[in-house]
Amino acid sequence: MLKIIAGRILQAIPVILAIITLTFFMVRLSPGDPFSNEKISAETRARLNAHYGLDKPLWEQYAHYLAGLPFGDFGPAITHPGWTVGELIAERIPVSLELGGWALLVACTVGILAGLIASIKPNTVSDWLPMGFSMIGICLPTFVLGPLLVLFFGLYLEWFNVWGWILPQDRILPSTTLGLCYAAYIARLTRGSMVEVIKQDYIRTARAKGVPFYRIFSIHALRNALPPVLSFLGPAAAGLVSGSFVIETIFQIPGLGQMFVESALNNDHTILMGLTIFYGTLVIGFNLAVDILLTIINPKISNQQSRS
Amino acid sequence: MSSPQQQALRRFSKNRASVCALFVLLTLILACVIGPFFSPYTHDEQNLNLGAVAPNAQHWFGTDVLGRDLLTRTLHGGRISFLVGIIATFVSLTVGVIYGTISGYLGGRVDSAMMRLVDTIYALPFVIFVILLMTLFGRNILLLFAAIGMVEWLSMARIVRGQVLTLKQQTFVQAARCMGQSTTSIMSRHLLPNMLGIIVIYATLTVPNVMLLEAFISFLGLGIQAPNTSWGDLIQSGATTLETHPWQLFFPAMMFSLTLFALNFLGDGLRDAFDPR
Amino acid sequence: MFHRLLIVLLICIFAGCSDYSNTDKKMLRIAVEADPKSLDPQIVSGLVESNILQSLFEGLVNLDPVTLEPIPGVAERWDISPDRRTYTFYLDKNARWSDGVAITSADFVNSWERILNPLFAAEYAFLLYPIKNAKGYNLGSLKDFSQVGIRIKDTHTLEVELDNPTPYFLTLQVNFAYYPVPKHVIEKHGNLYEQNSRWTRTGNLVSNGAYKLNEWKLGQYVSVKRNTHFRDNAHTSLETIRFYPIKNQETEERAFRAGQIHITANVPFTSIAERISKKDPTLKIDPDLGVYYFMLNVAKPPLNDPRVRQALSLALNRKQIADAIRQRGELPAGSLISADVANYANLSAPLINEDINTARKLLAEAGYPEGKGFPAVELLYNTSDQHKQIAVSVQAMWKRHLNIDTLLLNQTWKVYLESRNQKNYQIARAGWFADYNDPMTFLEIWKSDSGMNQSHWKSIPFDQLLDKAAKEPDVAIRAQLLRSAETILINETPLIPVFFYRRAYLISPNVTGWSSNVMNVRPYQRIQLINTQPDTHPKSGK
């Protein structure tokens, strides 16, 4: 077990290195530079590139960047002189973690609940209704659902602020919007595996023994129906905590998602590289964590894992 | 005894929700394909003096700020949305199935290396990728979505690989191997037909995913080039006029939601039919 | 058990509200489009930074926010020599940095040396080029700064010598490029010429305006508070101003409606028409010194033929674009320079109007009768709903009137700029906003040697007229020369002007003392907050 984990961590190093390399050259080869704007002259641009050492050969910059990484040096934030990339990211990580955490809670609550209810009587109205509800989140893209929720709860009912990330209740609307778009997937996965699990003999046995219905569902069946949900949650959680551009734009939340997209659009390569490394590590880390969890739940999978 | 495919078909036709979903989906596709021919307007015909008007007898879905007929635009956008959904899904399936089968079947170091490559691409910043593709293929939306299919294949590859891992332990594959069949023929004759179910199911899930992706790209403003349109593009611009001209959001969003619902129920039905455990 | 927990949780959440008394009458909340890039006035280049820096810094001369007449800033008075090439500024002896250190003429010399220093690579250094030898020093051809026309007469007297009589030199002083920066503070945080310096961070920044930096939280707000060392502190009424970066215009509008913002940066174009028709008192539409135009790459056929370019320009119904799409009463642009630009003596009559017949005739003369054989041209615009709508309607107008095909291409901002820089486009949407209030800012970018002329268009007579105008001391004659240059430009059509920009934003009725002007000089010191109606809604945050 430990050997497998150590092996996977060792394997992660070349993957992250590959991500860094690919992103570095991808962003540096895309057109434009962080300084271009409507009014800047070619001379000033050249001088700014020189000021930040971007006029050197690309491989030299790449080597310089790699050399800084082990010391936690992600370079200067070119579009925010006076800040380092490390500082900028560190300031936003807690916000994204919190938003992602709440959203995950919403997604799991709504998704698992809807999936459970739907699986009680498959292919009836009590299946279609909760499944239909849980699908609101993917049928209405977040940039539609978000404003709708704001208009209703923020401006019409005046329950919440329409924007910002200051008060505790400012968390509710954004995390609901974000959570709902994951709820549908979780609901589908829960329903699907619940329908299978319920047909198993041990559930029938439990029913015959007179165990109360809700206990069978919530404890016996659910526990065995969770693995597919878990393997979905790995990469999903990585995506959630690394921020959502749309949600952060609609609610103006100072998280990582907005920074990610904007740095990409603005050729802001130092910030983008820092975020990519962070995100890549998260994805690999969450996938690893899920694999370990699955091995613990179901040793059969562990055999396959060790072979891979 | 009928073939597994026939059995699946019979099971599928008994599932009311799925048959209904299939019917809705076909109706929508048909409407999008032939609808614009019957419209007195074209998708790019403007009437600046008219501007944005609410649904009425001339314009059933209303018009946008340039006075373009929204019904025609919604149907026209549907064509593009379906087309990109299908193309991207086709590409992602082709690449994903081949990659996953090879990785799973060969196993060992090759498998490990191939899966780490999948991890790498998975963790790359998607937006950068889209921007690069837009600058390279920006003038042709179909090429762009073929390219997006090349990114979307990752999860397909993972799923297929998992299936192959279990399938290759089974006796019929081992028997084929003992009989000296070549690797490619084992893959195409034995592994592939046995994965057809999951592949079809996954395809119905990839189409809505790609459509959502297209909507997100439209939100970034990187989607289809005007005056062409797609549902993602219509919904995106409709979302900004949510309060003043709600019909601009409502109709495209309704068609989009209907399609997603139908595709999802269809996927469920197909899974139940192919995979009756 | 769970229920009890939930109740406790809810109490905790709503208890949070009590921190936020419903309104702070001394705090003005303003939305800006984005985070400022920096608060170093010599690094920045945008409107966002300008809006914030106006509260933090002031230059030698201010402009009256209503009349735009020069009024005292750090300089309490000034003399101008008869040839209008030498300015003597007499500094206010009460002028202090926010750390209490007195401001002397040396501060201005050091500041202007810093922005002109080639090592520092300041974007807006070119705004100081009217000063004698400033250009040479900035471009590196002149190494000796004492040759530059900036001299200390005594600790509080500064003499500035210009290359040419420059009628807009005093108004230039309100631009952030001319603001003084505290050398004694910057050097504490590293090299004077290092852009990536921490001197602009919370706690470090020292400024000389009515406000000083209180807190800067990137992505959240910039908060400034009263600077008690300010020379005119007695007239400051607001204690605090907060600038919130809100990137999404719909979000901004909702924030305004909920009372969380007093002044917005924009209004979503989708709601402007409705607000106008309802006579919404919170909507403000101000003239701006900017023009929306299409730039034509005259090296790419068929646009190398001036008749084709003119035909394209003549076939546009500019009024329809302004009325139906922009919807904020903007004037169609029949020329490059609007009537609001100073020093132009009402010379802004349209030079081109819609004329379909002439357009068709010109196109036929160019070899494309009724658009036959005309190769499709590509129109490039940067990602935005408005640009898209305008491009689409222009495409339709050209099709309808000239029967020619246009392909539309949308690129993200940086990619679009790169396409322009590489001159890899045929027709590109563009906008130009004045850097100073004078026709020259619109015309000089079209000179042959201008780095911002991306059209391949060159005209010797045009260059000569501009050079002559620069040396002309008489404002009226100068205006005539500039008008002749503008006429050449419009006739040869390397650009197609579309409309003159106006700025639309929302302002709360609780704000008094606000005044607007084409220069975007903001009257922060004069603004007061009153409570005519509940300012914020009950649960809103600060």
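The values are calculated or read from the model by the stated rules, or taken from the named source; none is laboratory data. Just so you know, these numbers come straight off a predicted model, no measurement behind them. In this analysis, Cβ positions are derived from the backbone assuming ideal geometry, glycine residues included, and neighbour counts consider all displayed protein chains. Heads up: the accessible areas ignore ligands, DNA and RNA and are worked out on the full protein's heavy atoms, side chains in. Shrake-Rupley method; radii C 1.70, N 1.55, O 1.52, S 1.80 Å.
The residues in the range C:452-481 that are open to solvent by 40 Å² or more (accessible area, probe 1.4 Å) and either β-branched (Val, Ile, Thr) or without any contact (Cβ under 8 Å) to a residue 24 or more places away in the chain (or both) can be counted, and the count is 8. I'd like the residue in the range B:205-218 that is under 10 Å from A:Pro141 (Cα atoms) and at the interface with another protein chain (Cβ under 9 Å from one of its Cβ atoms) and, out of all such residues, is farthest from the chain's Cα centre (by Cα). For the range B:205-218, the residue satisfying everything is B:Phe216. Of all residues being farther than 20 Å from C:Arg96 by Cβ and away from chain A (no Cβ under 11 Å) in the range C:185-201, which is surrounded by the fewest Cβ atoms within 10 Å (Cβ to Cβ)? Just the residue, please. Restricting to residues being farther than 20 Å from C:Arg96 by Cβ and away from chain A (no Cβ under 11 Å), the top hit is C:Asn191.
Could you figure out which of (1) within 14 Å of chain A (Cβ to nearest Cβ); (2) hydroxyl-bearing (Ser, Thr, Tyr); (3) surrounded by fewer than 21 Cβ atoms within 10 Å (Cβ to Cβ) isn't true of C:Ser484? Tallying (1) within 14 Å of chain A (Cβ to nearest Cβ); (2) hydroxyl-bearing (Ser, Thr, Tyr); (3) surrounded by fewer than 21 Cβ atoms within 10 Å (Cβ to Cβ), C:Ser484 fails exactly one: (1). The lone criterion from (1) more than 9 Å from every other protein chain (Cβ to nearest Cβ); (2) open to solvent by 20 Å² or more (accessible area, probe 1.4 Å) left unmet by B:Ala262 is number (2). Looking across the range C:42-80, the residues that are polar (S, T, N, Q), part of a loop (DSSP other than H, G, I, E, B) and either at pLDDT 95 or above or touching a helix residue (DSSP H, G or I) at 6+ places or on another chain (Cβ under 9 Å) (or both) come down to C:Gln42, C:Ser45.
Taking the range B:74-85, which residues are open to solvent by less than 10 Å² (accessible area, probe 1.4 Å) and not polar (S, T, N, Q)? Scanning the range B:74-85 gives B:Gly77, B:Gly78, B:Val84, B:Gly85. Residue check: A:Val106 meets all listed conditions (1) within 12 Å of chain C (Cβ to nearest Cβ); (2) in contact (Cβ under 8 Å) with a residue 60 or more places away in the chain; (3) of a type in the set (A, V, I, L, M) but one, namely (1). A:Ser126 fulfils the conditions (1) of a type in the set (Ser, Thr, Tyr); (2) farther than 30 Å from A:Arg204 by Cβ; (3) surrounded by fewer than 21 Cβ atoms within 10 Å (Cβ to Cβ) except for a single criterion, (2).
Inspect the range A:188-211 for any residue being buried (at least 23 other Cβ atoms within 10 Å of the Cβ) and over 22 Å from B:Ala273 (Cβ atoms) and give the result as yes or no. No - not one qualifying residue is present in the range A:188-211. Does any residue of the range C:522-536 turn out to be among the acidic types (Asp, Glu), free of Cβ contacts under 8 Å to residues at least 40 places away in the same chain and surrounded by 17 or more Cβ atoms within 10 Å (Cβ to Cβ)? Checked against the condition, which is being among the acidic types (Asp, Glu), free of Cβ contacts under 8 Å to residues at least 40 places away in the same chain and surrounded by 17 or more Cβ atoms within 10 Å (Cβ to Cβ), the range C:522-536 yields no hits at all. Listed conditions (1) of a type outside the set (S, T, N, Q); (2) modelled with pLDDT of 85 or more; (3) over 20 Å from B:Ser237 (Cα atoms) are all met by B:Gly62, apart from (3). When we screen C:Asn204, C:Asn214 for residues that are without any contact (Cβ under 8 Å) to a residue 60 or more places away in the chain and away from chain A (no Cβ under 13 Å), the only hit is C:Asn214. Just one residue in the set B:Arg139, B:Arg177 is basic (Lys, Arg) and not in a helix (DSSP H, G or I); that residue is B:Arg139. Taking B:Phe216 as the residue in question, decide whether it is free of Cβ contacts under 8 Å to residues at least 60 places away in the same chain and crowded, with 19+ Cβ neighbours inside 10 Å. So B:Phe216 passes the test. In the condition set (1) touching a residue at least 24 places away in the same chain (Cβ under 8 Å); (2) out of contact with any Leu (no Cβ under 6 Å at 6 or more places or on another chain); (3) open to solvent by 10 Å² or more (accessible area, probe 1.4 Å), C:Phe256 is compliant with all but (2). Out of C:Glu49, C:Glu58, C:Glu33, one residue alone is in contact (Cβ under 8 Å) with a residue 40 or more places away in the chain, within 14 Å of chain A (Cβ to nearest Cβ), out of contact with any Cys (no Cβ under 7 Å at 6 or more places or on another chain) and over 18 Å from C:Asp435 (Cβ atoms). It is C:Glu33. With respect to (1) farther than 30 Å from C:Thr441 by Cα; (2) in contact with a helix residue (DSSP H, G or I) (Cβ under 7 Å, 6 or more places away or on another chain); (3) acidic (Asp, Glu), the lone exception for A:Asp33 is condition (1). Contact map, the range A:56-80: first residue within 14 Å of chain C (Cβ to nearest Cβ) and in contact (Cβ under 8 Å) with a residue 60 or more places away in the chain, second residue exposed (fewer than 14 other Cβ atoms within 10 Å of the Cβ) and not basic (Lys, Arg), Cβ cut-off under 9 Å, separation 6 or more or different chains; pairs are A:Phe74/A:Gly68; A:Gly75/A:His64; A:Gly75/A:Gly68.
Of the helices (runs of 4 or more DSSP H) contained entirely in the range C:223-333, those carrying at least 1 residues that are within 14 Å of chain B (Cβ to nearest Cβ) fall at C:249-257, C:269-277. Set side by side, the residues C:Ala322, C:Ala366, C:Ala345, C:Ala311 differ, and just one is under 23 Å from the mean Cα position of the chain (by Cα), open to solvent by less than 40 Å² (accessible area, probe 1.4 Å) and not acidic (Asp, Glu), which is C:Ala322. Would you confirm, using the coordinates I've provided, whether B:Ser230 is under 21 Å from B:His76 (Cα atoms), within 14 Å of chain C (Cβ to nearest Cβ), crowded, with 20+ Cβ neighbours inside 10 Å and at pLDDT below 85? Here the answer is no, as B:Ser230 does not meet what is asked.
Considering (1) over 25 Å from the mean Cα position of the chain (by Cα); (2) basic (Lys, Arg); (3) at pLDDT below 80, the lone condition that A:Arg45 does not fulfil carries the number (3).
For the range B:95-123, filtered to residues that are open to solvent by 20 Å² or more (accessible area, probe 1.4 Å), out of contact with any Gly (no Cβ under 8 Å at 6 or more places or on another chain) and among the aliphatic types (A, V, I, L, M), the residue that is farthest from the other protein chains (Cβ to nearest Cβ) is B:Ile98. Reported count of residues in the range C:87-106, each being among the acidic types (Asp, Glu) and either over 21 Å from C:Gly203 (Cα atoms) or without any contact (Cβ under 8 Å) to a residue 60 or more places away in the chain (or both), is 1. Of all residues in the range C:88-146, those satisfying the criterion of being within 11 Å of chain A (Cβ to nearest Cβ), part of a helix (DSSP H, G or I) and open to solvent by less than 30 Å² (accessible area, probe 1.4 Å) are C:Phe120, C:Glu123, C:Tyr124, C:Ala125, C:Leu127, C:Asn138. Of the helices (runs of 4 or more DSSP H) entirely within the range A:141-216, those holding at least 1 residues that are among the acidic types (Asp, Glu) and within 13 Å of another protein chain (Cβ to nearest Cβ) occupy A:172-198.
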